[in-house]
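Rule-based calculations on the coordinates, nothing more; no lab input. What you see is a predicted model; the values in this text were computed from it and never measured. Here the Cβ positions follow ideal geometry from the backbone for every residue, glycine too, while neighbour counts run over all protein chains shown.
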Amino acid sequence: MSTTSIWRRKASQTYFPTLQEEITTEVVVIGGGITGVTLALNLAEQGRSVVLLEARNIGSGSTGNSTGNLYETVSHGIHAIVDRWDSDVARTVTISRRHALEQIESRAEKYEIDCGFRRCSLYRYATSDDAKEFLEREYPASLEAALPVRQEEKLPFPLLHLCGPVVVLENQAQFDPHAYVSGLARISAGQGCRIFENARVVELDTSKRIVYTEKGKVKAKEIVLATHSPIDFHLVQAEMIVNREYGIAARIERSSFPPGIFWEKGTEQLSIRNLEVDQQTFLISVGGAYKTGQEDATTNLDRLEAATRTYFKRCEIAFRWSAQNYRAADDLPYIGRDASGCFVATGFQTDGLVYGTLAAAIIADEIGGSNNVFASLYKADRFSPIKGAKRMAEETKGVLTSLVKDYLLGQEIIPLSQLMPNTAAMVEFENETLAVYRDKNGKLYAVSPVCTHLKCKVHWNDVESSWDCPCHGSRFAPDGTIIEGPATEPLTQKFLHKR
């Protein structure tokens, strides 16, 4: 099925060239999502020479597959920050995110970017008795974190309110994330930033500060990895849990769903909002997080569609997509220079639109020699073994489980003759196990099943037709080409013929 988000489907192309030359610049930014593009503009406004490299198209990654929701709190609950850190840290988090949200609003207005920015309320509510505790903890923690929050007894129609009070956070926002980032990219290019699309980085020499693409290279004083998870090998990858979330957009009748951000806490963990575009109204629904490469994608998408139909039984689902997110062990993003000497910005969870904007401000200030008041809280080289121990243990267990299952117990292997069209499996061929996909026309694509990042074995994602790594989230097309890092090398192609 097509898995292009509603934002990307309706977006106009940016048409930046690919890199086919050698360039020397002050800063090279890798990644054309909201973090990289915002940073490029920040640096261009400082008068610096900047090159931005995007592996595919501007906004085609997590930014263009997000909900378009902007908020000062965090999706997993501000009480988690209060509990793990304290109320002062929680207050600093919300203040920093408020500054970033205001910057998005200011730039959308200043540059007249047609991204549908609007202010709205955010509603959190429970749909089961088990979820009531979350709301009971979230309201006082929100007050401690200086959020403009109140409680109400019911939700706007047609939302289901089953248990406890509704926690309402006022003056949050929504927009079209792809339109916003595309607009920023054009402004950045107009201010001197050189932007290249379809320029995937294939090698990174951090000691010499050289970035290589398939057809060119960039030498820079500073390298910024704005790639969601930093490409290549970085310590923070061992401290993060990698998840995918699935989203859908369903056509509904105009004015049948209220404006706002609606977060359900319960069995399905839905995030719901409406969108009016091209004389049509859509309900955008995003489900809970699932471990990348470790769960059945079709089952998860089916659950999301079924849960969404509890609101509109006969709605027409027009778009289906997914996005990847990385959760830091201690619940705070990693922003700044890490042990490699590069700048990184990662661990945003599902809060990346605002955190990405914040990261761009912090990194731009550090490159420019300014002191950003929020930099110390999010520094990338921090290590919080006590605060992050439980989640690091969870991630380590997940990686080890995948390794044991795949290498010691083995994945299910079938004969090549049993592989049906439009399916994939591990196949035994001439005493070698291969990851093989047969397309609808019968054409075979065979690759090594070993991820080129840290040698875990990939698993098939039947919704997005990709090989996904359960260890650190690298994703590959059926022919082995990279869809998403941190891997920088494709899966090795294999040819099914007699030697």
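Based on Cα contacts under 8 Å between residues 6+ apart, the chain shows a relative contact order of 17 percent. Residues of the range 343-363 falling in the label zone of K10, defined by backbone nitrogen less than 20 Å from a point 7 Å along Cα to beta-carbon, are 353.
Isolated cysteines of the chain, defined as having no other cysteine beta carbon under 4.7 Å away, are C115, C120, C163, C193, C315, C342.
Computed about its Cα centre, the charge dipole of the chain is approximately 660 debye, with only Lys, Arg, Asp and Glu carrying charge at their Cβ.
Please check which bits of the range 428-454 a label hung off I413 would reach, taking the label as a point 7 Å along Cα-to-C-beta and the cut-off as backbone N under 15 Å. So the set is 428-436, 447-450.
Checking the cross-link pairs K132/K154; K443/K494; K291/K313; K10/K291; K291/K457 against a 18 Å limit on the alpha carbon distance flags K291/K313; K10/K291 as lying beyond it. Taking other residues whose beta carbon is less than 14 angstrom from the beta carbon of E253, and scoring Lys, Arg as +1 and Asp, Glu as -1, yields +2. Between the range 179-208 and the range 70-135, the alpha-carbon centres lie 28 Å apart. Annotation for the range 429-499: GluC sites (Glu not before Pro) lying in DSSP loop with at most 14 further Cβ atoms inside 10 Å of their Cβ are E430. Long hydrophobic helices in the chain: none of the complete DSSP H runs spans 30 Å or more by Cα along its own axis with mean Kyte-Doolittle hydropathy of at least 0.0. The GluC sites (Glu not before Pro) of the range 150-243 that meet both conditions, a loop assignment by DSSP and at most 10 other Cβ atoms within 10 Å of the site Cβ, are E153.
Can you give the FRET efficiency for A306 and V373, using 1/(1 + (r/R0)^6), R0 = 35 Å, r = Cβ-Cβ distance, to the nearest 0.05?
Taking R0 as 35 Å, the efficiency between A306 and V373 is 0.15.
As an exercise, identify the GluC sites (Glu not before Pro) in the range 1-100 lying in DSSP coil whose Cβ has no more than 12 other Cβ atoms within 10 Å.
Values: sites: E21, E22, E26, E45, E54, E72; in loops: E21, E54, E72.
Loop-located and lightly packed - E21.
Once backbone amide H atoms are built at 1.01 Å from N, K457 has C451 as its partners under 5 Å, excluding neighbours fewer than 5 places away on the same chain. Model label sites at D381 and F157, defined 7 Å from Cα along the beta-carbon direction, differ in position by 6.0 nm. Would you mind finding the longest exposed-site-free stretch of the chain, with exposed chymotrypsin sites (Phe, Trp or Tyr not before Pro) meaning DSSP loop and at most 16 other Cβ atoms within 10 Å? After excluding every exposed loop site, the longest remaining stretch is 234-382. Think of it as helices only: each DSSP H run of n ≥ 4 in the chain is worth -39500 (n - 2.57), and spread over all residues that comes to -7500 deg cm²/dmol at 222 nm. For the pair S106 and D296, the difference between a 0.36 nm per residue extended length and the Cα-Cα distance amounts to 64.3 nm. Using 0.36 nm times the number of residues separating K219 and D439, minus their current alpha carbon distance, what extension gain do you get? Here the answer is 75.1 nm. Think of each Lys and Arg Cβ as +1 and each Asp and Glu Cβ as -1; about the Cα centre, that makes the dipole of the range 215-349 roughly 380 debye.
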